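Have a look at the structure below, then the notes.
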Amino acid sequence: EHDEVLSLARSPESFVRLAVLEQSEAPDVVELLMDDDDDTVRTQAAERSIRDRSPEELQAMAQRFGAGVLLALVRQSSTSPELLQFVAERTYRLHRGFDFVLESVLRFDIIRRLASHPNTPARVLEELAEHGMSFPDIRLGLAANPGTPREALKRVALREGPPAVELLLKHPEGQMALLELVQGPPADLERSTLEGWRERLVRLGRLQRLPD
């Protein structure tokens, strides 16, 4: 029977392999599917396999099986800052930066989730703010993340439109980031944008209304 399960785990149809993963707890089956060609199969197998593992075991698994394990880690809300730092290093620092990330939907999903994960270290968030501003998902993730440093939030505010500003106004550091930009605006900041921020900060009691 186990040989039959292993045979099904090698099926050319991804839905069959996913069904096997849902039904089988056998370590050799899960390990086989962690090396699958399909991103969904690989990630789900990794999520099954990372349970109750030490940080050292998880890092070894990521080095062996790659992005599927990294995505499984960043999808877990309890993943530690140290492991998320490792995820960042394995995803883009070890390779060719963000050009490498964009070659894979799965790797981009990792980066997008790092931007919004509450345990992502500040240094990683700052790097994402520096290199990932071209991508709305990353900008909005940073704007919503309570751990994003103020300087990174300023980058988001200057690049993103109203959706991110609404998130920044609810952010622990976001209002201060906007306040500092209003008090010392860049020369190329549009006046209408500046006045819009000023008005919102006045309503929140963070800034006094200018006399007419």
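In a helix (DSSP H, G or I), of a type in the set (D, E, K, R) and buried (at least 23 other Cβ atoms within 10 Å of the Cβ): does that describe Arg139? Please lay out each step first, then the result.
On the way: in a helix (DSSP H, G or I): yes; of a type in the set (D, E, K, R): yes; buried (at least 23 other Cβ atoms within 10 Å of the Cβ): yes.
Yes; evaluated as a whole, the condition is true for this residue.
Within the stretch 99-126, the set of residues being under 20 Å from Leu167 (Cα atoms), open to solvent by 30 Å² or more (accessible area, probe 1.4 Å) and not hydrophobic (A, V, I, L, M, F, W, C) comprises Arg112, Arg113, Ser116, Pro118, Asn119, Glu126.
Could we say that Phe86 is under 26 Å from Glu31 (Cβ atoms), buried (at least 16 other Cβ atoms within 10 Å of the Cβ), modelled with pLDDT of 90 or more and among the aromatic types (Phe, Trp, Tyr) here? Please lay out each step first, then the result.
On the way: under 26 Å from Glu31 (Cβ atoms): yes; buried (at least 16 other Cβ atoms within 10 Å of the Cβ): yes; modelled with pLDDT of 90 or more: yes; among the aromatic types (Phe, Trp, Tyr): yes.
Against the criterion (under 26 Å from Glu31 (Cβ atoms), buried (at least 16 other Cβ atoms within 10 Å of the Cβ), modelled with pLDDT of 90 or more and among the aromatic types (Phe, Trp, Tyr)), Phe86 qualifies.
Return yes or no: is Arg155 within 20 Å of the chain's Cα centre (by Cα), of a type outside the set (A, V, I, L, M, F, W, C) and open to solvent by 30 Å² or more (accessible area, probe 1.4 Å)? Here the answer is yes, as Arg155 does meet what is asked.
Can Phe15 be described as modelled with pLDDT of 85 or more, among the aromatic types (Phe, Trp, Tyr) and over 30 Å from Ala122 (Cβ atoms)? Working first, answer last.
Values: modelled with pLDDT of 85 or more: yes; among the aromatic types (Phe, Trp, Tyr): yes; over 30 Å from Ala122 (Cβ atoms): yes.
Yes: the conditions hold for Phe15.
So is Thr193 farther than 30 Å from Asn119 by Cα and among the hydroxyl-bearing types (Ser, Thr, Tyr) or not?
Details: farther than 30 Å from Asn119 by Cα: yes; among the hydroxyl-bearing types (Ser, Thr, Tyr): yes.
Yes.
Note on the stretch 1-54: residues that are within 21 Å of the chain's Cα centre (by Cα), assigned to a helix (DSSP H, G or I) and among the charged types (D, E, K, R) total 4.
Looking only at the stretch 1-37, which residues are surrounded by fewer than 10 Cβ atoms within 10 Å (Cβ to Cβ) and either farther than 22 Å from Leu73 by Cβ or of a type in the set (S, T, N, Q) (or both)? Quick ask: steps written out before the conclusion?
Step one: list which residues in the stretch 1-37 are surrounded by fewer than 10 Cβ atoms within 10 Å (Cβ to Cβ), which gives 1, 3-4, 12, 22, 25, 37.
Scanning the stretch 1-37 gives Glu1, Asp3, Glu4, Pro12.
Of all the criteria given as (1) surrounded by 16 or more Cβ atoms within 10 Å (Cβ to Cβ); (2) farther than 30 Å from Arg123 by Cβ, the one not satisfied by Leu71 is (2).
Summed over the stretch 171-195, the residues that are open to solvent by 30 Å² or more (accessible area, probe 1.4 Å) and either in contact with a strand residue (DSSP E or B) (Cβ under 6 Å, 6 or more places away or on another chain) or closer than 16 Å to Lys154 by Cβ (or both) give a count of 14.
Note on the stretch 59-68: among residues that are hydrophobic (A, V, I, L, M, F, W, C) and either on the phi > 0 side of the Ramachandran plot or open to solvent by 10 Å² or more (accessible area, probe 1.4 Å) (or both), the one that is nearest to the chain's Cα centre (by Cα) is Ala67.
The values are calculated or read from the model by the stated rules, or taken from the named source; none is laboratory data. Because the structure is predicted, anything quoted here is derived from the model rather than measured. Positions of Cβ are backbone-derived with ideal geometry, glycine not excepted, and every protein chain shown enters the neighbour counts. Ligands, DNA and RNA are stripped out before the accessible areas are found, and what is left, the full protein with its side chains, is counted by its heavy atoms. Shrake-Rupley method; radii C 1.70, N 1.55, O 1.52, S 1.80 Å.
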